[in-house]
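Only one structure is covered here, and it is reproduced in the block below.
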Amino acid sequence: MDKAKIAVFVSGGGTNLQALIDSAAAGQMPHARLSLVISSKEGVYALERAKAAGIPAYAVPRKTFDSREAYEKEILKMLDQEEIDLIVLAGFLSVLSADFVSKFPDRIINIHPSLIPSFCGDGFYGLKVHEEALRYGVKVTGATVHFVNEVTDGGRIILQKAVSVEDGDTPETLQKRVMEQAEWVLLPRAVEQISKEICDSNPDIKVHSYSNS
Ligand code: GAR
């Protein structure tokens with residue numbers, strides 16, 4: 001296998017998805033192919049970014065399914081169809097069950113806007129993470145890319161990058177700095193790193209083959 005097929009899960013503006021699209025276009029992710037985008041919400045800008053880049057993109061809102069089981073079954077079907085190798089959570093705000101996550105050991109990664117283990121776990125997402133960092137008064141924060149397991153933000157760390165907190169920061173200014181200096185740099189790097197590992201070491205193992213087990 002020369003390229004790992006990537007599914008990116010989103011819920012909002014999709015700036016991290018855009019970083020992946022730009023990185024792929026610049027030839028910086030030679031072992032990764034962006035093959036599918038799944039959004040937990042209809043009408044978000046991330047879907048427009050995906051379509052503009054020619055990536056198949058679908059909204060799959062949890063609330064349109066009777067049960068979590070039915071919702072995740074639909075997602076598994078889409079992953080199967082596209083023969084996805086690696087799932088990237090990029091601002092995905094819907095919770096995936098422990099059962100779903102356990103099907104894909106080391107095949108789901110997430111970007112989190114702090115230096116884990118600070119300001120992470122249940123309830124820490126988006127601007128809230130930066131609000132808490134400012135409330136605590138830390139002078140350095142950052143971003144983390146990690147594998148996803150059954151514990152929220154608890155999987156093995158892949159990459160981290162520190163970012164300074166400046167005097168007068170608001171949650172919004174801090175979020176912007178963390179995105180620009182850390183998230184948009186780290187996520188493409190981590191996707192390429194894991195994709196290369198998949199290509200080199202497990203050429204025949206795909207997410208879809210786990211989902212059938
Ligand atoms: C990003 O800052 C990402 O790190 C964060 O949501 C934002 C999504 O922005 N994720 C979490 O907080 C997960 N716990 P984007 O849609 O512009 O990429």
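On a straight-distance basis, which aspartates and glutamates could pair with K73 in a cross-link, Cα separation under 14 angstrom, same-chain partners fewer than 8 positions away excluded?
Straight-line reach from K73, under 14 Å: D99.
Take the Cβ-Cβ distance between D2 and A52 as r, set R0 to 35 Å, and report the resulting FRET efficiency rounded to the nearest 0.05.
0.90
Given the rule -39500 (n - 2.57) for each run of at least 4 DSSP H residues, summed and divided by the residues of the chain, what is its mean residue ellipticity at 222 nm, to the nearest 500 deg cm²/dmol?
Computed ellipticity for the chain at 222 nm equals -11000 deg cm²/dmol.
Please give the contour-minus-distance gain from D106 to K139: 0.36 nm per residue of separation, less the Cα-Cα distance, rounded to one decimal in nm.
Taking 0.36 nm per residue and subtracting the Cα distance, the gain is 8.7 nm.
Net charge near G126: determine it from the other residues with C-beta under 14 Å of the C-beta of G126, scoring Lys and Arg +1 and Asp and Glu -1.
So the environment of G126 carries a net charge of -3.
Dipole magnitude of segment 11-75 about its Cα centre, charges +1 at Lys/Arg Cβ and -1 at Asp/Glu Cβ only, in debye to the nearest 20?
40 debye
Rounded to the nearest 0.05, what FRET efficiency is calculated for K176 and L93 with R0 set to 22 Å and r the Cβ-Cβ distance?
With R0 = 22 Å, the Cβ-Cβ based efficiency is 0.70.
Cα axis of helix 127-136 to longest principal axis of the chain: angle in degrees, 0 to 90, nearest 10?
It works out to around 30 degrees.
Roughly what % antiparallel, to the nearest 5, for the DSSP beta bridges in the chain?
Once the DSSP bridges in the chain are tallied, antiparallel ones form about 40 percent.
Straight-line reach from K77: which lysines have Cα under 28 Å away, leaving out those fewer than 8 places along the same chain?
K3, K5, K41, K51, K63, K103, K196, K206
Across bins of 5 angstrom width beginning at 0, how are the C-alpha pair distances of the chain distributed, in whole percent?
1, 7, 16, 19, 21, 17, 11, 5, 2, 0, 0
We did not get these values from a lab; they are worked out from the coordinates using the rules stated. Predicted, not measured: the structure shown is a model, and the values here were computed from it. Methodologically, a virtual Cβ is constructed for each residue, glycine included, from the backbone with ideal geometry; neighbour enumeration extends over all protein chains shown.
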